[in-house]
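The values are calculated or read from the model by the stated rules, or taken from the named source; none is laboratory data. Please read these numbers as outputs of a predicted model, since none were measured by experiment. Cβ atoms come from the backbone with ideal geometry, glycine included; neighbour counts cover every protein chain shown.
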Amino acid sequence: MVWFSRKKAKPAQVSFDKKPLTIVQATDMHYITRKLTDNGEAFRKTVDAADGKVLLYSEELMDAFCAEMAQKKPQVLILSGDLSFNGEYESHKALAGKLAAFKAAGITVLVIPGNHDIDYAGAASFSGTEIKKARSISAKEFRNLYAPFGYNDAEDCAPDTLSYLADLGGFRILMLDTTTVSMCRVTDRTLKWTEKMLKEAAEDHIPVLAVSHQNLMAHNAMFAKGFRIEGGEKLLALYEKYGVLANLSGHMHLQHIRTEKVTEIATSALSLSPNQYGELSWNGKVLTYINCPLDVSSWAGKMHWMDPNLQMFSVYAKNYALKGAVRQTGIQLGQQAKRPSAGEEKVLAKTFSELNYAYFAGNRIPLKEEKAGIDLWLSQPESFMKAYIRTILADAEAGRDYHSCEIERKDTP
């Protein structure tokens, strides 16, 4: 696979003194077009067995997000992968159509693919009780379909992946593809190209914000293999050397912030309650990040939707996620050699669902409220869920949430 690389004329330098640069990052939308599902039995069973994503309202979620962005008018909108449910060509085509309105409004849209987006074997359509294989999208088709959203106006493109550098004039964004050539890995050629881009930016004294789908570092011991980019330590060294402001990522569906010489902000999945996106501001010295819950209910009211789930969407979405976690807990506990009593199982399921929800949302962990259930979990036989709860408790020792941060620019060589 070979992609073209080109240099474009440098944009005029922009001053951020009076008006900060505003950026929104959304990730893991897992959008599926209504053309591919009737929300019937087959689709409901598929999404109910997953991690609580509100895909029965995928179309409405994306329309509400687009409406909120049209109102906020960020200068840049970043979509950092897993744009589609499972790589369906029709979903990508429909999403690109929605994004066209932003470009017409003068909003710069930048996209990269995630692991669910290209040549995905699970691409399917759903009708009643039937699931049929659907056409997926190739890397070349992805590049062509999303050409107006980063690729056409790129300052430079990597030689072998769908990575590129966006130059906004006085600020650059590195959009790193770690999916199309080798899953969850940065290739040697792209790594070499990345260093060239960062070196040039440092020489021009222009700050760089990096973006990837998978994670630069492990945010949880159990979210390492398949989550952290292979070769991530080499990227981290480059980002530190050339003073990259931060790395934005997704993939885990977890809202988390970690600093290992460089700060990585992992934004939670837009498709999973509390349906958050990241809002960033750059004033020339400090990068500020805060995550924001999407207000689907207000949009639904303006559109005169009568569906009670849309009218109270945040409640519906949270309950759907909690119920899914309770269901999965029951399945896991049922596989233990000695199953807990019905009363104990109820407590364990509730505690797991509450801890898991708070953790993925980036909230403070409800240690006091769930103390009895936590103690009961720690008395259980060793299992994946018990080990996972330990990682949540270890993280909770920091006593913070992961909704915001400020990053000052460091001097570069």
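A few comments on the model shown:
- Per-region count, segment 195-238, residues in a loop (DSSP other than H, G, I, E, B) and touching a residue at least 24 places away in the same chain (Cβ under 8 Å): 16
- Thr190 over 27 Å from Lys285 (Cβ atoms) and in contact with a helix residue (DSSP H, G or I) (Cβ under 8 Å, 6 or more places away or on another chain): no
- Hey, Glu344 surrounded by 15 or more Cβ atoms within 10 Å (Cβ to Cβ), more than 20 Å from Met222 (Cα to Cα), more than 28 Å from the chain's Cα centre (by Cα) and not hydroxyl-bearing (Ser, Thr, Tyr) or not: yes
Each row is one residue, and each column tells you yes or no for (1) at positive phi; (2) in contact with a Lys or Arg (Cβ under 7 Å, 6 or more places away or on another chain).
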residue: Lys241; (1), (2): no, no
residue: Leu245; (1), (2): no, yes
residue: His251; (1), (2): yes, no
residue: Thr263; (1), (2): no, no
residue: Leu270; (1), (2): no, no
residue: Gln276; (1), (2): no, no
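A quick yes/no check of all residues on (1) among the aromatic types (Phe, Trp, Tyr); (2) in contact with a Cys (Cβ under 6 Å, 6 or more places away or on another chain); (3) modelled with pLDDT under 95; (4) not in a loop (DSSP other than H, G, I, E, B):
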position: Asn356; (1), (2), (3), (4): no, no, no, yes
position: Leu367; (1), (2), (3), (4): no, no, no, no
position: Pro381; (1), (2), (3), (4): no, no, yes, no
position: Ile392; (1), (2), (3), (4): no, no, no, yes
position: Asp401; (1), (2), (3), (4): no, no, yes, no
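- Any chance Pro113 is under 22 Å from Gly250 (Cα atoms), buried (at least 17 other Cβ atoms within 10 Å of the Cβ), of a type outside the set (S, T, N, Q) and out of contact with any strand residue (DSSP E or B) (no Cβ under 6 Å at 6 or more places or on another chain): yes
- Residues that are closer than 21 Å to Pro274 by Cβ and in contact (Cβ under 8 Å) with a residue 60 or more places away in the chain were ranked within segment 392-409; the one that is surrounded by the most Cβ atoms within 10 Å (Cβ to Cβ) is Tyr402.
- In segment 369-379, of all residues being assigned to a loop (DSSP other than H, G, I, E, B) and not small (Gly, Ala, Ser), the one that is surrounded by the fewest Cβ atoms within 10 Å (Cβ to Cβ) corresponds to Glu369.
- Whichever residue in segment 239-265 is more than 20 Å from Ile23 (Cβ to Cβ) and either among the aromatic types (Phe, Trp, Tyr) or touching a residue at least 60 places away in the same chain (Cβ under 8 Å) (or both) and, among such residues, is surrounded by the fewest Cβ atoms within 10 Å (Cβ to Cβ): Lys241
Condition check ((1) closer than 15 Å to Gln25 by Cβ; (2) among the β-branched types (Val, Ile, Thr); (3) at pLDDT below 95) across all residues:
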position	(1), (2), (3)
Thr190	no, yes, no
Ala246	yes, no, no
Thr267	yes, yes, no
Ser273	no, no, no
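- Close contacts from segment 42-57, counting a first residue that is farther than 21 Å from Met252 by Cα and a second that is surrounded by 14 or more Cβ atoms within 10 Å (Cβ to Cβ), with Cβ to Cβ under 6 Å and a gap of 6+ residues or different chains, come to Ala42/Phe126; Ala42/Ile131; Phe43/Thr37; Phe43/Phe126.
- A Cβ distance below 6 Å, combined with a sequence gap of six or more or placement on separate chains, defines the contacts here; from segment 283-309, residues that are farther than 15 Å from Leu61 by Cα reach no residue that is in a helix (DSSP H, G or I).
- Count of segment 291-322 residues, restricted to those that are of a type in the set (A, V, I, L, M, F, W, C), over 17 Å from Ala269 (Cβ atoms) and either in contact with a His (Cβ under 6 Å, 6 or more places away or on another chain) or not in a loop (DSSP other than H, G, I, E, B) (or both), is 4.
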